[in-house]
Structures are given as structure tokens and as C-alpha cells.
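The values are calculated or read from the model by the stated rules, or taken from the named source; none is laboratory data. Since the model is a prediction, treat every value here as computed from it, not as a measurement. Cβ placement follows ideal geometry from the backbone for every residue including glycine, while neighbour counts extend to all protein chains displayed. SASA here: full protein model, heavy atoms, side chains in, ligands and nucleic acids out. Shrake-Rupley method; radii C 1.70, N 1.55, O 1.52, S 1.80 Å.
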Amino acid sequence: CRPEYLPVVIAGLEAICTEEFNMHGVLATTMGVGPIFVVNGPIRNRIGMNAGMNVLGHGNRANSTIGRAVQLIVRNLGGGAPGGIDRAAQGNPGKLGLCFPEDEEGSPWESLAVERGFADDESTVTAFCGEGPRIVVDQLSRSPESLTKMLAEAMMATVNPRMFLGMDAMLVLSPEHMSRYAEAGWSKAKFREELMVHLTKPADEYVRGAGGIDEGLPEGAAGMSLPKFNPDGGLQIVHAGGPAGLFSSVIGGWLSGASGSVPVTRRIEE
């Protein structure tokens with residue numbers, strides 16, 4: 001982790017060491033989640049981060065080492081070692097360190113940081129508590145309406161298809177999928193609105209015991225229509241990925257709200 005990356009590491013640490021992010025809870029839960037970092041602003045290009053091909057994988061020093069440095073500090077200085085405070089039943093590879101920048105230049109939409117109240121020219125890091133990314137494939141949709149329905153259908157399986165409002169998520173929308181919305185002139189707000197329509201379901205189909213499955217919503221939810229994610233900030237949307245490939249990714253979150261973890265964005269001081 002090079003010296004010029006240090007401001008991002010420090011901002012990432014500041015973000016997770018807040019009551020809102022609840023790093024102790026993130027470690028102590030048996031669910032295999034951990035901090036995921038999204039970098040916005042000018043520092044992305046200044047330190048050579050990769051927002052394109054293989055953005056969530058290996059091959060870029062800054063992407064690979066910033067998240068890893070934060071995780072090493074959590075373990076070696078914070079005591080968050082597996083079998084100690086870290087009680088994850090299975091964990092996920094992202095707990096080794098997952099940090100990536102948003103492709104702001106290639107997006108027609110406002111960035112994650114701007115959406116969260118920061119300016120375009122400010123460098124920020126957003127900490128999100130999540131599991132490993134899962135791929136969403138749609139190679140046939142040519143309209144934003146079709147693609148939105150497909151994305152919503154795939155996102156229903158996040159964490160548990162019968163769990164509503166309990167877990168947040170992050171959608172990493174790829175350039176080819178983004179092009180459907182850019183060509184149709186959709187704004188990020190319109191995309192969110194349409195996505196939420198298709199992520200709102202009748203609870204009767206998902207209550208405990210329905211379809212012979214014990215897991216599900218409590219019986220008291222019967223007769224209601226519920227959104228999969230909290231409409232007030234429960235879904236983070238980021239644009240990143242290589243220029244070719246009709247694949248996006250969904251990162252499921254942990255328990256949302258005051259009893260779980262809330263995404264935190266911090267300004268990077270250089």
C-alpha cells in the first residue's frame with residue numbers, strides 16, 4: 001500500500017470507526033459480511049485506481065491494497081481477528097479487502113458521493129457493509145424497462161428472497177447495462193423509482209410457511225405490500241466495470257438501521 005494511498009486508508013478507517021457503521025457489530029455477527037469501500041472524486045485518477053475492467057477483482061495495486069490495509073489495521077490494531085471478535089460463520093473473500101472507485105466519467109448519472117451530499121470535486125470514500133458480489137446476467141434486454149425488471153428480479157434473491165426491509169444492498173451497474181438508461185434518457189431518480197416498483201411485492205407470497213418453506217416474513221405481514229429494500233437509502237447504486245460485457249453485480253448488505261450498519265461517507269483529506 002503506497003504512501004500516496006494513505007489518505008484513502010485513513011478516511012476509510014474514519015468511516016468504519018463510527019457508531020453508524022458499527023464495526024464491532026459487523027465483526028461480531030456470524031453473517032460473513034465486512035466493510036466495502038467505494039472511492040469517488042479526483043483522487044481516484046491521481047493514485048491510478050481502476051474503475052473499469054475487472055474492477056471488483058485483482059490487477060490494480062491501489063484497488064487491491066487500500067481495502068487490505070484497512071482490514072489489517074482492523075485485525076492487528078483493533079483486535080478483530082477470526083475466532084476472536086470476528087465470529088463470521090463462513091466469511092467471504094471481500095473480508096480480505098474490497099475497495100474500488102466509481103467510473104464517474106463514463107456515467108450520465110450523479111455519483112454515489114454526490115448523491116450522498118458531496119461535491120463533484122471532493123474526494124470521498126464510502127464504507128458499506130456487505131457480502132461478496134454476485135453477478136447479474138442480462139444479455140437480451142434492449143430497453144430500460146426490460147432491464148429494470150430483470151435487475152429487480154435478480155435482486156429479490158439478495159441475502160434471502162423472503163427477507164424485506166432488513167438488509168441493504170449495493171448495485172454495481174456496468175457500462176453496457178448503463179447504456180440502456182443513457183440512450184433512453186433515464187435519470188438515476190427515474191431508475192430508482194422504477195426499480196422500487198418491481199422490488200415491492202405482496203407479503204402473502206413470502207410469509208413463513210408459504211410454499212412449504214418455514215423461513216419468511218411473520219404472519220402479521222399478510223395482506224401488506226413491502227419493498228425489498230428501505231426506500232430511504234437502503235440501496236446504493238454505483239457505476240463501474242469494463243466496456244464490454246452485459247453483466248452487473250449486486251452486493252448484499254447486513255442488517256440495516258440503528259441495530260445494524262449504515263453506509264458512511266467521509267471526505268478524503270490530502
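Return the total of residues in the stretch 172-229 being of a type in the set (A, V, I, L, M, F, W, C), part of a helix (DSSP H, G or I) and either in contact with a His (Cβ under 7 Å, 6 or more places away or on another chain) or under 28 Å from LEU140 (Cα atoms) (or both). Going through the stretch 172-229 one residue at a time, the tally reaches 8. Inclusion of ARG68 among residues that are among the basic types (Lys, Arg) and touching a Leu at 6+ places or on another chain (Cβ under 8 Å) is warranted. Checking each residue in the stretch 250-270 for being part of a strand (DSSP E or B) and open to solvent by less than 20 Å² (accessible area, probe 1.4 Å) picks out VAL250, ILE251, GLY252, GLY253, VAL264, THR265. Annotation for the stretch 132-140: at least one member residue is within 16 Å of LEU171 (Cβ to Cβ) and over 18 Å from the mean Cα position of the chain (by Cα).
Cβ separations smaller than 7 Å between residues 6+ apart or across chains give the following pairs from the stretch 12-29 residues that are more than 22 Å from PRO101 (Cα to Cα) to residues that are surrounded by 20 or more Cβ atoms within 10 Å (Cβ to Cβ) and among the hydroxyl-bearing types (Ser, Thr, Tyr): ASN22/SER261; GLY25/SER261; VAL26/SER261.
How many residues, within the stretch 118-153, are of a type in the set (A, V, I, L, M), open to solvent by 30 Å² or more (accessible area, probe 1.4 Å) and out of contact with any Phe, Trp or Tyr (no Cβ under 7 Å at 6 or more places or on another chain)?
So the answer is 3.
Summed over the stretch 15-57, the residues that are out of contact with any Pro (no Cβ under 9 Å at 6 or more places or on another chain), of a type outside the set (A, V, I, L, M, F, W, C) and part of a helix (DSSP H, G or I) give a count of 3.
Applying the criterion of being under 17 Å from GLY67 (Cα atoms) and in a loop (DSSP other than H, G, I, E, B) to the residues of the stretch 80-96, the residue that is least open to solvent (accessible area, probe 1.4 Å) is GLY80. Look at the stretch 169-195: where a residue is open to solvent by 10 Å² or more (accessible area, probe 1.4 Å) and a partner is aliphatic (A, V, I, L, M) and outside any loop (DSSP other than H, G, I, E, B), sitting 6+ places away or on another chain with Cβ atoms under 9 Å, you get ARG180/LEU147; ARG192/LEU235; ARG192/ILE237; GLU194/ALA152.
Within the stretch 217-246, restricting attention to residues that are closer than 13 Å to TYR206 by Cβ and in contact with a Ser or Thr (Cβ under 9 Å, 6 or more places away or on another chain), which residue is most open to solvent (accessible area, probe 1.4 Å)? If we take residues in the stretch 217-246 being closer than 13 Å to TYR206 by Cβ and in contact with a Ser or Thr (Cβ under 9 Å, 6 or more places away or on another chain), then SER225 is most open to solvent (accessible area, probe 1.4 Å).
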